[in-house]
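The structure under discussion appears below in the form of structure tokens.
The values are calculated or read from the model by the stated rules, or taken from the named source; none is laboratory data. Computed from a prediction, not measured in an experiment: that's the story for all the values here. Cβ atoms come from the backbone with ideal geometry, glycine included; neighbour counts cover every protein chain shown. The area values use the complete protein model at the heavy-atom level, side chains included, leaving out ligands, DNA and RNA. Shrake-Rupley method; radii C 1.70, N 1.55, O 1.52, S 1.80 Å.
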Amino acid sequence: MMYFHPKTRPAWFLVFALIVLVLLASSCRRQPQGLPFDESIVVALVPFSQAVTTADLMAGYISPGSQAVSEEALAGLDQSLEARITQPVMASMEMAPCLEQAASALEDQAYSRLDYLVEAGKCAGADYVLSPQVLYWKEREGSAVGVTEPAGVAIDFHVVDVAEHSLDARVHFEEDQVSLAENLLTIDKFVSRYGAWLTARELAEEAIDKAVLELGL
């Protein structure tokens, strides 16, 4: 029978607890929702946008204290998302004329973002429209090894069914990065990030990875 000196028990108990927490976190991850891709289905991708007012939202809310995301950063996220997608989709650049046409067609009436995306989808002949939207953005203050303010983001990926005029799916990513000491449940992320403090852009890249996986893109 093995016996551990009482002074050594806390260390063993901590390791065991961390292993259990990692396993629990992994088991709680959402399974992919998946889009019905085949040759007859057209999925149109619109550029990343930032929700500034509640009128911009289709779901969720805008967290207080959000910083403005630059056009350059949004364009970079568009490129990252498109680079990760392996399924055939209509690129966001191709959707630009239809987005302008939708805004023009609806300008004389009260309309929601859902109405706007459906109208753009009809113009493009799409069955589904995928719309990524930033709800919260906070830049890191500091470096990868130490921060005074950690980065944080909240991003939604909405899938709109054009024919049904409805929100078909939503993938949500939200994180204000914290240290491992503040939350042991983040140990899997801590390990995969090699203990580094990420930028807002790097967190957004993880949001894109999650959306691509869950939507089967």
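Checking the conditions here, which among Ala126, Ala151, Ala196 is of a type in the set (A, V, I, L, M, F, W, C) and touching a Ser or Thr at 6+ places or on another chain (Cβ under 8 Å)?
From the options Ala126, Ala151, Ala196, the qualifying one is Ala151.
What are the residues in the stretch 167-183 that are part of a loop (DSSP other than H, G, I, E, B) and of a type in the set (D, E, K, R), if any?
Scanning the stretch 167-183 gives a single hit, Glu182.
Residues that are surrounded by 14 or more Cβ atoms within 10 Å (Cβ to Cβ), over 24 Å from Glu214 (Cα atoms) and modelled with pLDDT of 90 or more: does the stretch 149-158 have at least one?
So far as the stretch 149-158 goes, yes, one or more of its residues are surrounded by 14 or more Cβ atoms within 10 Å (Cβ to Cβ), over 24 Å from Glu214 (Cα atoms) and modelled with pLDDT of 90 or more.
Looking only at the stretch 55-69, how many residues end up being touching a Phe, Trp or Tyr at 6+ places or on another chain (Cβ under 6 Å) and either modelled with pLDDT of 90 or more or not polar (S, T, N, Q) (or both)?
Count: 3.
So for the stretch 168-181 (the condition being farther than 28 Å from Pro64 by Cα and more than 18 Å from the chain's Cα centre (by Cα)), does at least one residue qualify?
No, that holds for no residue.
Identify the residue in the stretch 21-54 that is out of contact with any strand residue (DSSP E or B) (no Cβ under 9 Å at 6 or more places or on another chain) and at pLDDT 90 or above and, among all such residues, is least open to solvent (accessible area, probe 1.4 Å).
Thr53
What are the residues in the stretch 71-93 that are open to solvent by less than 60 Å² (accessible area, probe 1.4 Å) and in a loop (DSSP other than H, G, I, E, B), if any?
Passing the criteria: Ile85, Val89, Ala91.
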